[in-house]
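The values are calculated or read from the model by the stated rules, or taken from the named source; none is laboratory data. All values derive from a computational prediction rather than experimental measurement. Cβ atoms come from the backbone with ideal geometry, glycine included; neighbour counts cover every protein chain shown.
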Amino acid sequence: MLRPMDRAGLVHRGRSWSAATTAFLALIYLSGCASLSDWRGARAPTPSDRFQLPPQGSDVVGRVQVTSARYEDTLLDIARRYDLGYEEIIAANPGVDPWLPGAGTRVVLPTQFVLPGGAREGLVLNLASMRLFYFPKPAPGAPAEVITHPIGIGREGWLTPQGTMHIIQKKEKPAWTVPESVRREHAEQGETLPKIVPPGPDNPLGDFAMRLSNPSYLIHGTNQPYGVGIRVSHGCVRLYPEDIARLFPLVPMGTPVRIINEPYMAGWRDGQLYLEAHQPLAEDAERWNGSLEPMERTVAAKTNGQSIGVSWEKARAIAREARGLPLPIAPGSPELAELLAKAPQVPSVPPWAVPVEEGAEAVQDAASADELADNQVGPPPS
């Protein structure tokens with residue numbers, strides 16, 4: 001039975017609902033979880049975690065959407081309902097208070113993505129955008145798809161490793177053997193960690209874990225879901241509990257995993273070249289010292305041999321703002337304000353959402369992302 005919606009609200013399971021199921025869920029939410037005012041003037045939202053793959057030569061999926069915050073919403077509530085991470089929704093909404101956006105405040109949903117370059121196979125994780133892309137093998141006769149979810153990654157000093165790996169182990173209800181390096185780190189802060197944390201609500205691995213061929217690192221769930229979308233772990237990759245539950249049975253043993261670090265991604269859609277820009281990781285930002293040359297190389301590589309003009313003024317402005325929204329960069333292409341004015345207005349509670357499970361709400365009262373990061377216990381390298 002659905003319970004009344006709490007602070008966490010409702011979250012996206014990423015399912016392809018039938019029209020009848022969608023209508024049924026919508027009636028439930030309208031009657032018990034959302035007011036009619038949330039829906040007036042709103043269009044049906046686009047799911048933000050599963051898309052049909054565009055043909056080769058086309059690289060952009062999804063669409064940017066906008067919603068209006070309700071009195072009780074935080075940006076993190078809305079982010080989780082639309083399968084977005086903390087940094088994603090904060091970057092897309094500069095100047096909006098993440099904890100008290102206020103009733104009626106417009107919230108931009110960055111639910112459009114430039115696909116990572118390279119082979120569209122297996123798992124591809126982009127550290128800079130803090131996002132995972134999974135390219136499952138399609139069933140015979142079925143269209144190819146991409147599944148995407150936000151991720152939490154290693155904080156400074158515990159950077160998630162880049163490179164090509166594969167899945168070597170899958171475990172449901174995992175126990176966590178705490179590495180000695182982590183126990184020492186917490187001992188220095190006056191905390192004593194056990195050698196083994198059994199499965200359950202206190203286990204930071206959550207309910208599912210997949211080990212990489214670099215065996216100190218896992219892709220796993222979490223008991224602190226608001227650590228998704230920030231640099232908070234000791235190097236492992238974490239997903240929302242509902243996302244790892246959806247992904248885990250789809251990913252077979254031996255699946256290739258490619259971990260990249262690309263703050264700037266360029267891609268084509270309908271003859272337009274788009275640029276998606278994120279803030280570089282702190283280590284890269286320090287090394288690059290404000291240089292936009294990495295962005296310029298990315299765009300130049302995508303336009304090689306094609307007769308298209310690029311407004312470098314637009315491209316540099318997008319890179320500096322780093323809002324994570326794919327934007328066209330041809331001369332005369334629409335500006336962000338124009339695109340947002342035409343973006344579909346959707347309800348803050350999407351109709352496919354399901355209630356957050358008990359136990360997934362342990363950190364909802366965290367005062368800030370910094371406090372959350374300080375308190376997070378991640379499964380790390382030893």
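Just a few scattered comments:
- Cβ pairs under 7 Å, 6+ apart, first in the range 56-78 and surrounded by fewer than 20 Cβ atoms within 10 Å (Cβ to Cβ), second part of a loop (DSSP other than H, G, I, E, B) and hydroxyl-bearing (Ser, Thr, Tyr): ARG63/THR46; ARG63/THR111
- With respect to being among the hydrophobic types (A, V, I, L, M, F, W, C) and in contact with a strand residue (DSSP E or B) (Cβ under 6 Å, 6 or more places away or on another chain), LEU193 falls outside the description.
- Just one residue in the set GLY200, GLY206, GLY157, GLY221 is touching an Asp or Glu at 6+ places or on another chain (Cβ under 6 Å), more than 15 Å from MET253 (Cβ to Cβ) and assigned by TED's automatic domain parsing to the domain that holds PRO241; that residue is GLY221.
- Only one entry of ASP207, ASP202 meets the criterion of being out of contact with any Pro (no Cβ under 7 Å at 6 or more places or on another chain) and acidic (Asp, Glu), and that entry is ASP202.
- All strands (runs of 3 or more DSSP E) inside the range 194-242 with 1 or more residues being touching a Ser or Thr at 6+ places or on another chain (Cβ under 9 Å): 208-212, 231-233
- Residue list for the range 304-331, filter: part of a loop (DSSP other than H, G, I, E, B) and in contact (Cβ under 8 Å) with a residue 12 or more places away in the chain: ILE308, GLY309, VAL310, SER311, ALA322, ARG323, GLY324, LEU325, PRO326, ILE329, ALA330, PRO331
Okay, residues lined up against (1) touching a residue at least 60 places away in the same chain (Cβ under 8 Å); (2) in contact with a strand residue (DSSP E or B) (Cβ under 9 Å, 6 or more places away or on another chain); (3) assigned by TED's automatic domain parsing to the domain that holds VAL61:
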position: GLN112; (1), (2), (3): yes, yes, yes
position: LEU115; (1), (2), (3): yes, yes, yes
position: GLY118; (1), (2), (3): yes, yes, yes
position: PHE133; (1), (2), (3): no, yes, yes
position: PRO140; (1), (2), (3): no, no, yes
position: GLU145; (1), (2), (3): yes, yes, yes
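- Annotation note: Cβ proximity below 6 Å between a residue of the range 277-303 that is assigned to a helix (DSSP H, G or I) and a residue that is loosely packed, with under 12 Cβ neighbours inside 10 Å (sequence gap 6+ or interchain) occurs for ALA282/GLU156.
- Checking each residue in the range 236-263 for being hydroxyl-bearing (Ser, Thr, Tyr) and more than 16 Å from the chain's Cα centre (by Cα) picks out only THR255.
- Checking VAL108, VAL66, VAL124 one by one, the residue that is modelled with pLDDT of 95 or more, more than 19 Å from GLY229 (Cα to Cα), touching a strand residue (DSSP E or B) at 6+ places or on another chain (Cβ under 6 Å) and assigned to a strand (DSSP E or B) is VAL66 and no other.
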